[in-house]
Amino acid sequence: MSELHDKKIEYLEVTANRIRELIIDTLLEAGSGHSAGPLGMADIFTALYFHVLNHNPKKPQWLDRDRVVLSNGHICPVQYVTLALAGYFPVEELKTLRKLNTRLQGHPHRGALPGVETTSGPLGSGLSQAIGMALAAKLDKKKYRIYCIASDGEHDEGNFWEAVMFAGKNKLNNLTLIVDRNNIQIDGYTEDIMPLEPFREKYEAFRWNVLTIDGHNIRDFVDAINEAKAIYEKPTVVIAHTIPGKGVSFMEGDYVWHGKPPNKEEAKKALSELRTLGRRIESEHQ
Amino acid sequence: MLNEQLKLNQKIFDKDVEMKPTRDGYGEGLVILGEENQNVVVLSADLTESTRAEGFAKKFPERFFEIGVAEQNMATIAAGLGISGKIPFISSYAVFSPGRNYEQIRTTIAYNDSNVKIAGAHAGISVGPDGATHQATEDMAIMRVIPNMKVICPCDSIETRKAIIAAGKMWGPVYVRFGREKSPIITTNETPFIPGKAEILWNPPIDGKKADVAIIGCGMLLYNALIAAKELEKENIGTVVINSHTLKPLDEKTILATVDKTKAVVTVEEHQVAGGLGSAIAELLAKKLPAPIEFIGMQNTFGESGKPNELIQKYSMDVESIKNAVRKVLKRKR
Ligand SMILES: Cc1ncc(C[n+]2csc(CCOP(=O)(O)OP(=O)(O)O)c2C)c(N)n1
Ligand SMILES: [Mg+2]
């Protein structure tokens, strides 16, 4: 990981906003898919793929690459757009999302698209797979790291906590879990559907190193990732507080945007808001 | 021609045939049951609107339980409710329930003989753009092989409503599967529905043409089967189309009586050809009345993203594929 100077932060913020615009374009073209989660995670995906990860988009199978396991597969539009911009496949191909014969399946499928490490969509089983990869890395004495991205809603699944318990017990310090703490799931707000709080304390009780950040602050996120690398006796979870639908006023914070795409009108409005946001980012860095 | 006694939808062959998702019938059936019986309770795993459990949840909030994204917990909580005199319906997508929570269903619901009804929404590849992870194509197989479990796959939203009401009134574990997409209305409110009783939807015309092939299906693909039957008549091929909505217990009597005449069968289901309706028919015929069978369904592959009709065509479950299967099985007849 290179140094995170101001110019780089500006570049990452601008890229994240470009990713948000492309998420809107891609979802509009697809006609179905999820809006809120992907927009909320654009900053973190940008920071991961354009700063944190040790990877090579031209060699997606490179054995020593860091692994990204997307557990909450429904937010794949943000991963697909980020992978395309990072050079894993042509940006043009984003137009094929969810269409017949596409490599961009509605939920990510291993082997279908370069950069997708495992199939997901059914919730709650990503962390266990990341653990499997972390164990394999240790057996092979490899230095690469495993980053698992998971949602708050999928913590309802028993499988998730079985994995949390195992990683804590086995001190998997090559594993970093990033939780999209956006407080929504399908039927409503997480604290109404199935309360997760006190969330931080749950992880601490399961022997994890817990870092809580603003998921839209790229510097905080990168600092957390660096701290995770320095902790040897525990796996680290970065609880990233995000705003679902981030950047689009009428989507922000509203769970009804969990699983639907914008229509033409809404997309137009969203894109105009995002362009304004883009100009603000640039002026802030003047 | 359509079996007049069944009072099927007379507009079924019209271009503008009414379409409705079968899951709507789940929602309607639950509300009717809820009004009739205080012991009916509904559980949902964070999919209340899209499985259509919502109507019940709004009307009977004290008998509705939001479980969160936790299908294994949902099945086992329902097992406890069922053992305690309640009639729980558990609602999710079929890949997750009965997919993810298979063993919980096997032991705590079926082996316990707990009075739980499992509602599997978004079954089959007609789920469409969500892709293979969300398209349940093995659910009927895994439910059919469990002792004590009954399995029903209704053909339209009206039949789904009747199946849900019937499931609520019969004792023991029942699995009912339905789809996401709008599909043609085949039956009417007057069409009889008895679990375990298959219905003959279509007969060859009486004017001397014999019954050459039995097309036995379940679910919304029966619409394609009926179109195929109608078109095949122009080729002088007579078919009997059977709605075998209940896979278990199978209506052996109706199936054997028909196959005794046709001596050839095509099975049609939006499911793997292994383990589902086709297999159930093959098991029966191998034992009692061996006959050549062609199987329409998923041929040992996963689905993918796409529009429902594109996928039905790509995976050879469209009208043309059914017609080809009928022609093929005819040639195999001795
Ligand atoms: C095992 C399983 N059960 C149910 C679903 C259906 N489902 C898809 S997303 C979702 C909501 C989960 O909440 P979260 O991931 O926090 O959603 P977001 O914040 O992205 O809106 C559910 C229940 C699923 N994908 N997998
Ligand atoms: Mg969430």
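A few points about this structure:
- Chain B shape via C-alpha gyration tensor axes, a/c threshold 1.5: prolate
- For A:LYS269, a cut-off of 23 angstrom between C-alpha atoms picks up these lysines, skipping any fewer than 8 places away in its own chain: A:LYS95, A:LYS246, A:LYS260.
- Residues of region B:32-67 that lose at least 40 Å² of accessible area (1.4 Å probe, protein heavy atoms only) when the other protein chains are present, relative to their chain alone, are B:ASP46, B:GLU66.
- Rounded to the nearest 20, the size of the Cβ-charge dipole of chain B about its Cα centre is 980 debye, with Lys and Arg at +1 and Asp and Glu at -1.
- Shape class of region B:234-282 from the Cα gyration tensor (axes a ≥ b ≥ c, square roots of the eigenvalues): oblate, since a/c reaches 1.5 or more and a/b does not exceed b/c.
- Cα-projected label distance for A:THR212 with A:LYS260, points at 7 Å along beta-carbon direction, nm: 3.3
- Charged-residue dipole, Cβ positions (Lys, Arg, Asp, Glu), chain A about Cα centre, Debye nearest 20: 1180
- Nearby aspartates and glutamates by direct alpha-carbon distance to B:LYS307 (threshold 14 angstrom, same-chain neighbours under 8 apart not counted): A:GLU29, B:ASP130, B:GLU181, B:ASP318
- Of the solvent-accessible surface of region B:19-184, computed with a 1.4 Å probe over protein heavy atoms with every protein chain present, carbon and sulfur atoms account for 54 percent.
- Estimated FRET transfer efficiency (A:MET1, B:ALA274; beta-carbon r; R0 45 Å; 0.05): 0.35
- Pairs beyond 18 Å (Cα-Cα), from A:LYS138/A:LYS169; A:LYS8/A:LYS229; B:LYS20/B:LYS117: A:LYS8/A:LYS229; B:LYS20/B:LYS117
- Within the protein assembly as shown: Cβ-based charge dipole about Cα centre, in debye rounded to nearest 20 (Lys, Arg +1; Asp, Glu -1): 2080
- Rounded percent of accessible protein surface that carbon and sulfur make up, region A:225-286, 1.4 Å probe: 49
- Selection among A:ILE186, A:TRP208, A:ASN173 by position relative to the dipole of region A:157-258 gives A:ASN173 as farthest towards the positive end (Cβ unit charges, Cα centre).
- Structure-based [θ]222 nm, chain B - -39500 (n - 2.57) summed over DSSP H runs of at least 4, per residue, nearest 500: -10000 deg cm²/dmol
- Gyration tensor (alpha-carbon) shape descriptor, region B:16-75, a/c threshold 1.5: oblate
- Annotation for the B:A interface, with buried accessible surface near 1900 Å², both sides summed [1.4 Å probe; non-protein components not counted].
- For GluC sites (Glu not before Pro), the sites in region B:166-269 that DSSP calls loop and that have at most 16 other Cβ atoms within 10 Å are B:GLU190, B:GLU235.
- Near-label residues of region A:213-249 by backbone N, under 14 Å of a point 7 Å along Cα→Cβ of A:THR276: A:247-249
- Among B:PHE302, B:ILE87, B:ILE200 - extreme Cα towards positive end, dipole of chain B, charges at beta-carbon: B:ILE200
- Hits among aspartates and glutamates - C-alpha to C-alpha of A:LYS59 under 17 Å, sequence gap 8 or more where chains match: A:GLU117
- Per residue, the solvent-accessible area of region B:19-184 (1.4 Å probe, heavy atoms of protein chains only, all protein chains present) comes to 30 Å².
- Degrees between helix A:264-284 axis and first principal axis of chain A (Cα, 0 to 90, nearest 10): 70
- Calculated FRET efficiency for the pair B:LEU284/A:LYS58, C-beta based, R₀ 51 Å, to 0.05: 0.35
- Across the protein assembly as shown: Cys residues that no other cysteine approaches within a C-beta distance under 4.7 Å: A:CYS76, A:CYS148, B:CYS155
- Computing FRET efficiency as 1/(1 + (r/R0)^6) for B:LEU256 and A:GLU29, where r is the C-beta to C-beta distance and R0 is 56 Å, gives about 0.60.
- Modelled this way, with points 7 Å down the Cα-to-C-beta line, the labels at B:GLN38 and B:GLN313 are 5.5 nm from one another.
- Extending 7 Å from Cα along the Cβ direction at B:ASP113 and again at B:LYS333 yields two label points whose distance is 4.3 nm.
- Where trypsin sites (Lys or Arg not before Pro) fall in DSSP loop in region B:1-110, at most 15 other Cβ within 10 Å: B:LYS7, B:LYS11, B:LYS15
The values are calculated or read from the model by the stated rules, or taken from the named source; none is laboratory data. Just so it is clear, the model here is predicted, and its values are computed rather than measured. Cβ sites come from the backbone with ideal geometry, for glycine too, and all protein chains shown count toward neighbours. Surface areas here come from the heavy atoms of the whole protein model, side chains and all, with no ligands, DNA or RNA. Shrake-Rupley method; radii C 1.70, N 1.55, O 1.52, S 1.80 Å.
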